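Shown next, in C-alpha cells, is the structure this report addresses.
Since every read-out is calculated from the coordinates, none of them should be taken as a lab result. None of these values were measured; they are calculated from a predicted model. Heads up, the Cβs are rebuilt from the backbone with ideal geometry, glycines too, and the neighbour counts pull from every protein chain shown.
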Amino acid sequence: MNEKTLPTIFESDTSNLIKEKETPQSSFLSFFKGGKVILIVLVAVILFELVVGFRILQTPIPKLKLLEPVSGGKIVLAADKQDVPVGDTLSVNIRVSTGGYMTDGTDLVISYNPALLEAVESSLFTSGDIYTEYPIVTNDVKTGTIRISGISASDGEGFVGTGNFGTLLFKTKKNGNTTVTVVFKKGLTTDSNIIETKTNTDVLSGVYNLDLAIGSRNLNQQNISQLGSCEGFSQICRDSNGKQGVQLCQGGKWKDNACVWDPQLTISCGTCEINQ
C-alpha cells in the first residue's frame, strides 16, 4: 500500500519582518538615546544667545539722568496747528511749568496782532486745572493785549509741576505771518510771572511763543518736536515748606542720552513726594 506523501509545510521566518517593522521605531529611540536632539537644542540655544548678546553689545548704553534739578519756571503757548485758514478758529493752550518750585499763582500777559487775529470774546478764555481761581481775565482789542491771573485758594495747596493753565480762542482775520507772544522780561513784575509760595519770588525764567501762518502753508513745528520723544522723567520738587521731594513728569525729549523737559512734549507732572 502506497504511503501518502504529506505536504511539505514551510515555516516562514518572521523574525526579519519583526525586525523590519521595529527598525524605524528603534532608530527613532536610538536617536534620542544617543543625545543628538539635546545636542542640537543646546547648540541652537547657544547660537541664539550669541546673536542677542552681540546686538546688546552693539547698542549704546544711555547715560541715565535720574533727576531733573529745580530750575526756572516756563510758560508755553501751543496749538494743534500752525497753518490756519482765514476765518478759522484757533485754540491756544497755555502750559505752565514751575521747574520744581511750589507756586501760589501765575500772572500772564499775552500780546497778539489784532489786525490778523480776533479774540473770541464769548469764549475768550477757558480756565485750566492748576489753580483754583482765575480772578482777572481782560482783553484790550485795540492793543491786542490779554491779561490773565490764576491763583491758589488761601487755604489750599499751591501748584508744582507742569500743567494746563488754560486755553485762549482766536479767529483768524486775514493772510499773514504772526506770533502770539508771552510778554516777559526777567526781573520785571508788571509782565508775566510765576510766584513762588511764601517767598513771593518770581521764578519764571523763560517763555515759548506761538508762530502762526494764516492762509498759507508753513512747517508744523509741533510734529518736528515729536522726533526723539521719551515717556517721562523724574523732577526734583519742593513743597510749600521748602522740603525737597521728587515728582514724575509725563513726556519729554531725549537730550544727551537722557529724557528731559520739553516745551511741547512734557504734558504734566504728578504729586511731589517728599523725602521722609
Check: When the Karplus curve 6.51 cos²θ - 1.76 cosθ + 1.60 is applied with θ = phi - 60°, which whole-Hz ³J(HN,Hα) does each residue of segment 90-104 get, with x for Gly and Pro?
Finding: 9, 8, 10, 7, 10, 10, 10, 10, 8, x, x, 7, 7, 10, 9
Margin query: Apply the Karplus curve 6.51 cos²θ - 1.76 cosθ + 1.60, θ = phi - 60°, to the phi angles in segment 70-84 and return the couplings in whole Hz, x for Gly and Pro.
Written below: 5, 9, x, x, 9, 10, 10, 9, 9, 9, 7, 7, 10, 9, 10
Note to self: Please give the charge dipole size of segment 123-196, origin at the Cα centre, charges +1 on K and R Cβ atoms and -1 on D and E Cβ atoms. Round to the nearest 20 debye.
What the structure shows: 700
Notebook entry, point to check: Tell me, how many Å apart are the Cα centres for segment 122-192 and for segment 63-109?
Noted result: 11
Next item on the list: Starting from the Cα of Ser91, move 7 Å in the Cα-to-Cβ direction to define the label point; list residues of segment 146-163 whose amide nitrogen is under 14 Å from there.
Entry: none
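How large is the convex hull of the Cα atoms of segment 73-225 per residue, expressed in Å³ as a whole number? Walk me through the intermediate numbers first.
On the way: hull volume 15.9 nm³, N = 153.
About 104 Å³ per residue, rounded to a whole number.
Can you give me the relative contact order of segment 73-225 as a percent, contacts being Cα pairs under 8 Å and 6 or more apart? Kindly include the intermediate steps, with their values, before the conclusion.
Numbers: 402 pairs, mean separation 57.1, N = 153.
Value for segment 73-225: 37 percent.
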Note to self: Could you check the spin-label model distance between Asp211 and Val120? Points 7 Å from the Cα along Cα→Cβ, value in nm.
What the structure shows: 2.6
Check: What order do you get for 155-165, 91-101 when each peptide is scored by the mean count of other beta carbon atoms within 10 Å, highest first?
Finding: 91-101, 155-165
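Figure the gain on full extension for Lys142 and Ser240 (residue separation times 0.36 nm, minus the Cα-Cα span) and round it to one decimal in nm. Working shown, then result.
On the way: separation 98, 0.36 × 98 = 35.28 nm, distance 3.99 nm.
Between Lys142 and Ser240, full extension yields an extra 31.3 nm.
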